[in-house]
1. Which is within 20 Å of M101 (Cα to Cα), within 15 Å of the chain's Cα centre (by Cα) and at pLDDT 90 or above, of V69, V73?
2. Cβ-Cβ under 6 Å, sequence separation 6+ or interchain: first residue in region 64-84 and under 20 Å from S42 (Cβ atoms), partner assigned to a loop (DSSP other than H, G, I, E, B) and open to solvent by less than 50 Å² (accessible area, probe 1.4 Å). Which pairs?
3. Can you tell me which residue is least open to solvent (accessible area, probe 1.4 Å) among those in region 51-67 that are closer than 11 Å to C87 by Cβ and not in a helix (DSSP H, G or I)?
4. Within the group T107, T93, which residue is more than 13 Å from T43 (Cα to Cα) and exposed (fewer than 14 other Cβ atoms within 10 Å of the Cβ)?
5. Restricting attention to region 38-49, report how many residues are more than 12 Å from N105 (Cα to Cα) and part of a loop (DSSP other than H, G, I, E, B).
6. Looking at (1) at pLDDT 95 or above; (2) within 20 Å of Y128 (Cα to Cα); (3) in contact with a helix residue (DSSP H, G or I) (Cβ under 9 Å, 6 or more places away or on another chain), which one does Y53 not meet, given that it meets all the others?
7. Only one of these is open to solvent by 20 Å² or more (accessible area, probe 1.4 Å) and modelled with pLDDT under 95: G125, G121. Name it.
8. Output the residues belonging to region 87-113 that are in a helix (DSSP H, G or I), in contact with a strand residue (DSSP E or B) (Cβ under 6 Å, 6 or more places away or on another chain) and in contact (Cβ under 8 Å) with a residue 60 or more places away in the chain.
Amino acid sequence: MTGLLGTTLRGLNSDSQCDLSEYWDQHYKGIREQRLKALKNSTTVYVGNLSFYTTEEQIHELFSKCGDVKRIVMGLDRVKMTPCGFCFVEYYTRTEAEHSMRFINGTRLDDRVIRTDWDTGFKEGRQYGRGKTGGQIRDEYRTDYDVGRGGFGKIIQMQKLNQQTMIY
């Protein structure tokens, strides 16, 4: 295949929703090639930007539309043991996981636009937020008010608390 026809046909074989993103888990143990192979064969999808109030049942209802869900692992605040806005959804087959990447990424769940990304596969301990306060790092630095993510970011909350204590 050469020329315009070859380019067009290659474009039809590409699926940007199922391509690997530039993000990579800095805590992944292994070399780059191992990680890429794991991602290309993965049946696990990372789901981000969830409301802190989204339930496992809501996630199951949405993601089971793309295939049989093997398990869901909710992301937890390491300190409070409450949901902190992400989860892992594992399917039985790669095709089912691809369907969720293709059809669910960017949809609304609990009034939030969720995002999906490939994951190398859940390992115990990854369900906890990696922020200093136990939740997600991005929630610590958020300066806007987001009721679905618990209000203001942790740093802003701490500043407000310190200001109130200084007044009394």
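The values are calculated or read from the model by the stated rules, or taken from the named source; none is laboratory data. All values reported here derive from a predicted model rather than from experimental measurement. Quick reminder, even Gly has a Cβ in these numbers, built from the backbone with ideal geometry, and neighbours come from all protein chains shown. Surface accessibility is based on the protein's heavy atoms, side chains included, excluding ligands, DNA and RNA. Shrake-Rupley method; radii C 1.70, N 1.55, O 1.52, S 1.80 Å.
1. One residue alone meets the criteria, V73.
2. Within 6 Å, the pairs are V73/F122; V73/Q127; G75/Q127.
3. Filtering region 51-67 for residues that are closer than 11 Å to C87 by Cβ and not in a helix (DSSP H, G or I), the one least open to solvent (accessible area, probe 1.4 Å) comes out as T54.
4. On the way: T93 fails: more than 13 Å from T43 (Cα to Cα).
Checking each option against the conditions leaves just T107.
5. Here is the first cut: in region 38-49, the ones more than 12 Å from N105 (Cα to Cα) are 38-44.
Narrowing the set further to residues that are part of a loop (DSSP other than H, G, I, E, B) leaves 42-43.
Within region 38-49, residues that are more than 12 Å from N105 (Cα to Cα) and part of a loop (DSSP other than H, G, I, E, B) number 2.
6. (1)
7. On the way: G121 fails: open to solvent by 20 Å² or more (accessible area, probe 1.4 Å).
Criteria check complete, one pass: G125.
8. So in region 87-113, the residues in a helix (DSSP H, G or I) come out as 94-103.
Next, only the ones that are in contact with a strand residue (DSSP E or B) (Cβ under 6 Å, 6 or more places away or on another chain) stay: 97, 100-101.
Residue satisfying the conditions is M101 alone.
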